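In what follows, a single structure is set out as structure tokens and then discussed.
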Amino acid sequence: MSLQHMDLWIIFLFASAVASDRCPPASLQLHPSELVVEYGGSLEVNCTSLNNSAVKWQIRPDLNDLMEPYDLWNTRWTVENLQEWDIEAQCILILNNSLTDDLIMIDDLTDNLTDFQCYENLSLTVYKAPENVSITLVNHTEVMGDGRQYELQCDVLDVAPVQNLTVRWYRENVTVNESRFTDTERGPRNVSASLLISPTREDDGVLYRCEAELDLGPLGPNPPLTRSFDQLHITVKKDLSLWTDAERTAVATMPTSAITTTATVTTGTTGVPTSTPLPDILSNIDIVAVSPGAMAVGKNYTLSCHIEIPQTVGNVTVKMYIGQVLLNTEIIENWGDRNITSDFLYTALIKHNGEKYQCVVEFQQPGKESFLEHKSNTLNIDVYSGCPVAINPSTLVVRYGGPASSTCRSSSPIGGMGWESPVGAVGMEEGVTELNWTVKELREWTVTPQCFINREGGQCSKELSVVAFTTPDSLTITTKRHSTMAVGKDNTLTCHIGNIAPVQSLTVKWFKQVPVDGSTVPLPDDERHQSSISIGPQNLTSDYMITPHISDNGTQYWCEAELDLGPGGPPKLTSAPLTIIVYSGCPIDISPSTLVVRYGDSASADCRALIPHNGIGWNSTLGPVSKVRDIQHVTWNVESLTEWSVKPKCVIDTDDEQCGQDLNVSVYSIPDVITLTANIAGAMAEGKTYSLFCHIENIAPVQNLTVKWFKRHTVYGSTVERMLMDDPKHQSISSISSQNITSDLLIAPHISDNGAQYWCEAELDLGPGGPPKLTSAPLTIIVYSGCPIDISPSPLVVRYGDSASADCRALIPHNGIGWNSTLGPVSKVRDIQHVTWNVESLTEWSVKPKCVIDTDDGQCSKLLNVIVYQMPSSITLTTNHTGKMTAGKDYIFTCHIQNVAPAQNLIVMWFKGQTLLNEPHKYQGTGEGPQNLTFDLRIQPTASDDGAQYRCKAQLDLGPALLEVESNHRVINIPADWTTTIIIIFLIFVLIILVLILAFRYLKSKQGNYSVVQTHIPLTETPNGNA
């Protein structure tokens, strides 16, 4: 089919899709095509055109034309926080112009071709997990009666979408019912599900619960979201209306038994039914349920209940149950027998398999009107269909050559059991109920072992399903021709699977990885081998057709072989990825694709064939290479490239055509020299305009030349460097050989630009491999304001009588320059740029030399500031007091400075020791020549100032120079102050006197005080009659 007919076929496909607006196959791809997103979550979807047409997104309800049509084949729709329930997203494909032009040839198409478009819908499901799940008992809060019907309700709140919701009811951990919902409206809903129950006394203490499951399929949460918050315990007893008040009172005082007498309903997990004891008469009753064993479906068997009961008990009612189903009720009159048997002819049903069988006996207490009950043991009902054996495992998945084993069991009495098989057969064995079939190494591809038994009525058997498998020896992926593919041409990928069995269970899955974002895209599965009738290992292939787009360049494809054998099957195997190279145009690759070479240097480039070919070579005026067939790449090489314009072309012959590709060669020459000049020699006047010129000699190609200008200057003490401009004007020159180029820059300098540096850079923008940029030497400009001369030094500081000298330099060309002065004048001269004013001995206190210059604009001048100075001939320090000073009194120091000039530059400082006493004092007077000056300092010393040294310092601040001289030191003496000492001594003396007085008075107070002691010594008379 020709390309033109193929285009018309594509157009016909699009035209066929107009009626439905859906895009035809292989024209538009959504990745992913289906999304399940939680409300408030994020999403991201890519839309890709497979035929180079433009695409856009249209989102409803709140966003129309989210993206305007772009001239792009891929667009992405992203949402960070999804807040819409009812949202529709369409990716719209808009046919390109080339396609719509061809559509004019078809009469049946729409007239409005510019609006011809189709779309694909994004399958988007927005979900929300249930907020709450609760269970309640409807219209009932009292005790549950035996056999009555009640309604349980499960409420599920705030869930979406409800059509994906399943509510399951559980009795204990067994599922008893499921509810689903058909509401298709989007957004969260509150729903309820009901369950009708008819509890019996066997349900005493049973736990009911409901569970809400939101199953959103394979794209949703895995496992599905489930919620189950509440639970309901029920306690059931015989209808309380049958109990008398006397019986309730009597029963409450009797011994404990396991039978519950009250019923309660609780929600949650903490509800516990209460128990009330029953009479111990039940301990004398024994009930045994008898089962006939395994029963065949549809056959009749006798279910028996053996009862041992006291003779005092009257009639009994025997009820037989399978699960919750009442099978039979029999009333038996007791004529004093202790042993009673109740039989029931039962027809076995397969639905009863696994259910519980039990007898319940009701009787009347002796001497009472109320009834009591007793339950038998529970038995499992075993109902089988076919042969009553169970094989475990029933299906055996075995690797070929590996061990195999399975067990056959019978739950009913049999006469014997065996295994019939071409391998591992086991003969009939009697007295067993289970038998193993075992093979150490299974070397058969088709084997069906049968377990057989002898039983009443004959022999029966059951087959064991054995699946032998082998995994592939190899799994590879190839292409029909090669992995380098042309855009738009069909190519077949083949997955080779070596030595696999069974092929009937094989699924081949294809995948690709998108290079743009690295995402993996599943492709259609290949299940065609599952219809094969081949037995044993096979070598298989699976094909997948692709039509690559240029965006598929670098895409990886791989296949997976999966044997779906259920549990025990082998894991899937994955091939190594195949990376495809997609090219547009001629199937060759030139490296480097652009060659940058300096004129006269060697040049080299490789041309590599991307596919098998019939010849490849180079056409060129320099270094041509003849076509060759045996190699995949050829090299174009030139030892010295001396042509400014050379266009090598790599050519190739393929099975389809001959084609070629040009090598882009850029030949360049770097400048021999790059210099910077100005249109003025010398300094520049502030505010005037000047031109700077960047001279670039012998450079090529000038079409790629950019000249950049830079400036470096000082701003507030900091150096600033910046680019001023790019000059690309030379890029319009058509010459291809080397040229001499000049780039100019206009400047209007400010006085602050004095000393600024300018430079230029020449850069050839040739991409990688191009030459480095070249930079000129910097040009420093001198900017003046006023007269174009510069005097150095300025000011001039000279000691009186010394020699003096200063230079005056012309900043621009002049007509004469000289000095006017009363001392050392210099006549104007023209041939030199600077003149010197010189005096051997400067003996004038006021001299004002002036440098004068004649320019084309007139005459101007500058005055030299000359400072003539003389250091003090002496500096002395005196005071208005002789001898020692008294603390606290005022005194004056005087600093005498003799013969100092200029006085207005004098600064005086006072020191006490090394401490500066006050701020430096600058003399405020005027006058020329030397002067005698005095400065005073007033002090008020303290005793601590004794021995302090005072001095004064004189400084001449002459600008560039700072000269200073110090006076003599004066030491002050402060005599000691005895007043305080005398006062202290006096106070101590007074204190001592007071202490002595107090001590004297104390001792005196002790004189004449005696103690009287009584004695018994008799008195004697004296001659004068006194005792």
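Some points to look at:
- Under the condition of being part of a strand (DSSP E or B) and either surrounded by 14 or more Cβ atoms within 10 Å (Cβ to Cβ) or of a type in the set (S, T, N, Q) (or both), the residues counted in segment 783-837 number 29.
- Among residues of segment 845-875 being open to solvent by 60 Å² or more (accessible area, probe 1.4 Å) and either in contact with a strand residue (DSSP E or B) (Cβ under 9 Å, 6 or more places away or on another chain) or of a type in the set (Ser, Thr, Tyr) (or both), the one that is nearest to Arg830 (Cα to Cα) is Gln859.
- Test: residue in segment 919-938 that is aliphatic (A, V, I, L, M), at pLDDT below 90 and either within 60 Å of the chain's Cα centre (by Cα) or at negative phi (or both): no
- Trp845 in contact (Cβ under 8 Å) with a residue 12 or more places away in the chain and part of a strand (DSSP E or B): no
- Among the candidates Ile611, Ile590, Ile580, Ile631, residue that is farther than 30 Å from Trp510 by Cβ, among the aliphatic types (A, V, I, L, M) and touching a residue at least 60 places away in the same chain (Cβ under 8 Å): Ile590
- Taken together, the criteria exclude Val971 from residues that are at pLDDT 85 or above and either of a type in the set (Val, Ile, Thr) or over 30 Å from Ala903 (Cα atoms) (or both).
- The strands (runs of 3 or more DSSP E) located wholly in segment 437-538 that include 2 or more residues which are among the polar types (S, T, N, Q) and open to solvent by less than 60 Å² (accessible area, probe 1.4 Å) occupy 450-455, 474-479, 491-500.
- All positions within segment 889-928 that are closer than 20 Å to Val797 by Cα, surrounded by 14 or more Cβ atoms within 10 Å (Cβ to Cβ) and of a type outside the set (S, T, N, Q): Val900, Ala901, Pro902, Ala903, Leu906, Ile907, Tyr923
- Residue within segment 427-435 that is in a strand (DSSP E or B), open to solvent by 70 Å² or more (accessible area, probe 1.4 Å) and over 30 Å from Leu303 (Cβ atoms) present: yes
- Residues (among the hydrophobic types (A, V, I, L, M, F, W, C) and open to solvent by 20 Å² or more (accessible area, probe 1.4 Å)) located in segment 636-654: Trp644
- Qualifying residue in segment 387-407 (condition: in contact (Cβ under 8 Å) with a residue 24 or more places away in the chain, surrounded by fewer than 18 Cβ atoms within 10 Å (Cβ to Cβ) and over 60 Å from the mean Cα position of the chain (by Cα)): no
- Any hit, segment 196-215, residues being farther than 27 Å from Ile322 by Cα, more than 37 Å from the chain's Cα centre (by Cα) and outside any loop (DSSP other than H, G, I, E, B): no
- Boolean, Ile340 is part of a strand (DSSP E or B), open to solvent by 10 Å² or more (accessible area, probe 1.4 Å), of a type outside the set (Gly, Ala, Ser) and at pLDDT 80 or above: no
- Filtered residues of segment 850-864 (kept if touching a residue at least 12 places away in the same chain (Cβ under 8 Å) and more than 16 Å from Arg809 (Cα to Cα)): Asp856
- Checklist (1) in contact with an Asp or Glu (Cβ under 8 Å, 6 or more places away or on another chain); (2) within 30 Å of Asn698 (Cα to Cα) applied to Thr594, failing item: (1)
- One residue stands out in segment 408-420 among those that are open to solvent by less than 10 Å² (accessible area, probe 1.4 Å) and without any contact (Cβ under 8 Å) to a residue 40 or more places away in the chain: the one that is nearest to the chain's Cα centre (by Cα), namely Trp419.
- Residues within segment 580-603 that are part of a strand (DSSP E or B) and surrounded by 14 or more Cβ atoms within 10 Å (Cβ to Cβ), tallied: 12
- Number of positions in segment 727-743 that are surrounded by fewer than 15 Cβ atoms within 10 Å (Cβ to Cβ) and closer than 26 Å to Ala683 by Cα: 1
- For segment 684-718, a residue qualifies if it is closer than 12 Å to Ile747 by Cβ and out of contact with any Phe, Trp or Tyr (no Cβ under 8 Å at 6 or more places or on another chain), and the qualifying residues are Gly687, Lys688, Thr689, Tyr690, Ser691, Phe693, His713.
- Count of segment 752-782 residues which are out of contact with any Pro (no Cβ under 8 Å at 6 or more places or on another chain), open to solvent by 40 Å² or more (accessible area, probe 1.4 Å) and within 21 Å of Thr714 (Cβ to Cβ): 9
- If you go through segment 289-319 and keep only what is open to solvent by less than 60 Å² (accessible area, probe 1.4 Å), of a type in the set (A, V, I, L, M, F, W, C) and modelled with pLDDT of 70 or more, you end up with Ala289, Val290, Ala294, Met295, Ala296, Leu303, Cys305, Ile307, Ile309, Val316, Val318.
- Tally of residues being in a loop (DSSP other than H, G, I, E, B) and free of Cβ contacts under 8 Å to residues at least 60 places away in the same chain across segment 722-772: 8
- Ser873 being without any contact (Cβ under 8 Å) to a residue 60 or more places away in the chain, of a type in the set (Ser, Thr, Tyr) and more than 30 Å from Gly816 (Cα to Cα): yes
The values are calculated or read from the model by the stated rules, or taken from the named source; none is laboratory data. From a predicted model like this one, the values you see are computed outputs, not experimental measurements. Note: ideal-geometry Cβ built from the backbone for every residue, glycine included; neighbour counts use all protein chains shown. What goes into the accessible areas is simple: the full protein's heavy atoms, side chains included, and nothing from ligands, DNA or RNA. Shrake-Rupley method; radii C 1.70, N 1.55, O 1.52, S 1.80 Å.
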